[in-house]
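Presented below is the structure to which this report refers.
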Amino acid sequence: MKNLFLLFLSILTLVSCKKKGNGPESSMIDFYPRECNYMWASWSKIKDASYNGVYLYDILNVNENELRAKDALITISTSNLDTLLLKIEKAASISCPYCQQEQIANLDPKFDQKLAPHNVALEAQLQNDYNNPVSKLKSAKAEETNLIRLEYRVTGVKNLTITSTHTLFGKTPGTVITEYFTIKQLEPKQVISSKTSQLLIGYSDKDTLATIAEWLYMEPMAQPTIFLAFKTVPAELPAAINFIVTLETNNGKIIRDTTSTLAILP
């Protein structure tokens, strides 16, 4: 079992560094800007954990056929290539789709080709935010690693909706139910404005976004990975459910994917 925060740091130490931060404790960061051409919807699960007595949580792959609602997460990940779809099974040992991209890069060199142009000014903001001393992410293992692979997207998001193949929250199948989910985690925790290409929320910010509506209000770039949890347990459970996630980009592209069927228990 690997904690997502710690896994994110430890796996990314495998890559080479290009951009160096200031100060002896700064992480050295490889930036990977990508357009949002593909999106995948999948399942993850949350498990309580601790590190040095501090409560965190684990986000893990789903290998079972059923989950309790409080443990179930919808995972939405994006990329510029469809390699993730083709190689996903080979990366099954990696806990989160965001980290799977690192594994896939090792399997298929094309995955790190066709990157978008680097935004040097934005990357300076992302690096300064990541290396901020108050960053909770760095505090866990800063002394053990200083090589980081950091993905970000350069495509703006206009809308993101979730529908279900089963009646939930009193809503019939096909009805938008995005409002019944909360953002459990953004990966990485850096929200970028699609209008100004400025960092809006980062690791050094105490405040976090609670809903997709709040995220969309900020007119963001697409996120490499978003984990969504149920706000409340639907009364219609237990039920075998597929969720359909639809993402609309600022340039009018509609990307849609459906999760596998999973039995959700109350």
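Descriptive notes on the structure:
- Test for Lys45: is it at pLDDT 80 or above, open to solvent by 40 Å² or more (accessible area, probe 1.4 Å) and under 19 Å from the mean Cα position of the chain (by Cα): yes
- The residue pairs whose first member lies in segment 184-205 and is more than 17 Å from Ala229 (Cα to Cα) and without any contact (Cβ under 8 Å) to a residue 60 or more places away in the chain, whose second member is crowded, with 19+ Cβ neighbours inside 10 Å and aromatic (Phe, Trp, Tyr), and whose beta carbons are closer than 9 Å, counting only pairs six or more residues apart or on different chains, are Val191/Trp215.
- Segment 70-86, subset in contact with a Lys or Arg (Cβ under 7 Å, 6 or more places away or on another chain) and modelled with pLDDT of 95 or more, residue most open to solvent (accessible area, probe 1.4 Å): Asp71
- Unmet criterion (only one of (1) of a type outside the set (S, T, N, Q); (2) surrounded by fewer than 21 Cβ atoms within 10 Å (Cβ to Cβ); (3) within 15 Å of the chain's Cα centre (by Cα)) for Lys206: (3)
- Pair list, Cβ under 8 Å, 6 or more apart: segment 59-80 residue closer than 21 Å to Arg34 by Cβ, other residue open to solvent by 40 Å² or more (accessible area, probe 1.4 Å) and not in a strand (DSSP E or B): Ser79/Asn37; Asn80/Glu35; Asn80/Asn37; Asn80/Lys114; Asn80/Leu115
- Of residues in segment 233-257 being under 9 Å from His166 (Cβ atoms) and open to solvent by 40 Å² or more (accessible area, probe 1.4 Å), the one farthest from the chain's Cα centre (by Cα): Glu236
- The sole residue among Ile104, Ile183, Ile148, Ile177 that is more than 26 Å from Leu209 (Cα to Cα) and either modelled with pLDDT under 65 or out of contact with any Gly (no Cβ under 8 Å at 6 or more places or on another chain) (or both) is Ile104.
- Number of the exception - Val120 against (1) more than 17 Å from the chain's Cα centre (by Cα); (2) surrounded by 15 or more Cβ atoms within 10 Å (Cβ to Cβ); (3) modelled with pLDDT of 95 or more: (2)
- Residues located in segment 164-190, provided they are outside any loop (DSSP other than H, G, I, E, B), in contact with a strand residue (DSSP E or B) (Cβ under 8 Å, 6 or more places away or on another chain) and closer than 28 Å to Asp58 by Cβ: Ser164, Leu168, Thr178, Tyr180, Phe181, Thr182, Ile183, Lys184, Gln185, Leu186, Glu187
- Residues of segment 158-175 that turn out to be open to solvent by 20 Å² or more (accessible area, probe 1.4 Å) and more than 21 Å from the chain's Cα centre (by Cα), as a count: 10
- Within segment 212-222, being open to solvent by less than 10 Å² (accessible area, probe 1.4 Å) and either of a type in the set (Phe, Trp, Tyr) or not in a helix (DSSP H, G or I) (or both) holds for Trp215, Pro220, Ala222.
The values are calculated or read from the model by the stated rules, or taken from the named source; none is laboratory data. Bear in mind the structure is a predicted one, so any value in this text is a computation, not a measurement. Neighbour counts run over all protein chains shown; Cβ positions are idealised from the backbone, glycine included. Keep in mind that these areas ignore ligands, DNA and RNA; they rest on the heavy atoms of the full protein, side chains included. Shrake-Rupley method; radii C 1.70, N 1.55, O 1.52, S 1.80 Å.
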